[in-house]
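Input: a single structure, listed below in structure tokens.
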């Protein structure tokens, strides 16, 4: 990962380990001291929002910076509500990622200016209609399944990505249809694609 190399080049930062999964990282933290974790959100099993909760429960003093390829408000909000101390998108560039790392490491909270403005508007009651979005009623796993549907994955592919059974994915899909007010898998897929590609859920 480019961020790992970036950290190693900075004299005031030290990389104590890089891990392929949250499970490996949690196991390593039992014996390897760390002050901060950079957690890259992905659609693979064990690398989602629940990982933030697991880290926070086991290591409450460790600072958490979430690195994501997604920039939408819903992703940053869920990460911060889950216990992360900062959220930065890969699209921000390496220099801004370094700013985020140093801020979180020093005890501050980091969120990009654009996302901070959106969050402020939302909680002041001046934000867009998205503030009342039905997406807010989804669990983290339902949110993740919706994202994978929108990216074009089949039920079986979603099960493989998340490390769960096809039957469990089907249960989540039924929950999504109920919560989002759609009556068929086709309608759910259409809405999921619209949201994934355009950031709009109607």
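The values are calculated or read from the model by the stated rules, or taken from the named source; none is laboratory data. Values in this document were obtained by computation on a predicted structure and should not be read as measured data. With ideal geometry, Cβ positions are generated from the backbone for all residues, glycine too; neighbour counts draw on all protein chains shown.
Do we find that residue 17 is under 23 Å from residue 139 (Cβ atoms) and either in contact with a strand residue (DSSP E or B) (Cβ under 9 Å, 6 or more places away or on another chain) or surrounded by 12 or more Cβ atoms within 10 Å (Cβ to Cβ) (or both) in this structure?
So residue 17 fails the test.
Pull up segment 1-11, narrow it to residues that are over 21 Å from the mean Cα position of the chain (by Cα) and free of Cβ contacts under 8 Å to residues at least 60 places away in the same chain, then point me to the one that is surrounded by the fewest Cβ atoms within 10 Å (Cβ to Cβ).
11
Give the residues of segment 74-96 that are assigned to a helix (DSSP H, G or I), within 12 Å of the chain's Cα centre (by Cα), in contact (Cβ under 8 Å) with a residue 40 or more places away in the chain and surrounded by fewer than 21 Cβ atoms within 10 Å (Cβ to Cβ), sorted by residue number.
Listed by number, the residues that qualify are 74, 77.
Being under 24 Å from residue 139 (Cα atoms), modelled with pLDDT under 85 and not assigned by TED's automatic domain parsing to the domain that holds residue 160, is that true of even one residue in segment 58-66?
no
Would you confirm whether or not segment 39-57 contains a residue that is exposed (fewer than 15 other Cβ atoms within 10 Å of the Cβ) and farther than 27 Å from residue 159 by Cα?
No, that holds for no residue.
Residue-by-condition table, conditions (1) closer than 19 Å to residue 106 by Cβ; (2) out of contact with any helix residue (DSSP H, G or I) (no Cβ under 8 Å at 6 or more places or on another chain):
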| residue | (1), (2) |
| --- | --- |
| 3 | yes, no |
| 10 | yes, no |
| 17 | no, no |
| 28 | no, yes |
| 73 | no, no |
| 78 | no, no |
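Return the residues of segment 1-16 that are modelled with pLDDT under 85 and part of a loop (DSSP other than H, G, I, E, B); say none if nothing qualifies.
If the condition is that a residue be modelled with pLDDT under 85 and part of a loop (DSSP other than H, G, I, E, B), then 1, 16 are the ones that fit.
Residues that are surrounded by fewer than 17 Cβ atoms within 10 Å (Cβ to Cβ): which helices (runs of 4 or more DSSP H) entirely in segment 130-192 hold 2 or more of them?
155-162, 166-180
Among the listed residues 102, 63, which satisfies the condition of being touching a helix residue (DSSP H, G or I) at 6+ places or on another chain (Cβ under 7 Å) and more than 15 Å from residue 4 (Cβ to Cβ)?
Of the residues listed, the single one that is touching a helix residue (DSSP H, G or I) at 6+ places or on another chain (Cβ under 7 Å) and more than 15 Å from residue 4 (Cβ to Cβ) is 63.
For segment 97-111, does any single residue satisfy the condition of being modelled with pLDDT under 85, crowded, with 17+ Cβ neighbours inside 10 Å and either at negative phi or outside any loop (DSSP other than H, G, I, E, B) (or both)?
No, segment 97-111 contains no residue that is modelled with pLDDT under 85, crowded, with 17+ Cβ neighbours inside 10 Å and either at negative phi or outside any loop (DSSP other than H, G, I, E, B) (or both).
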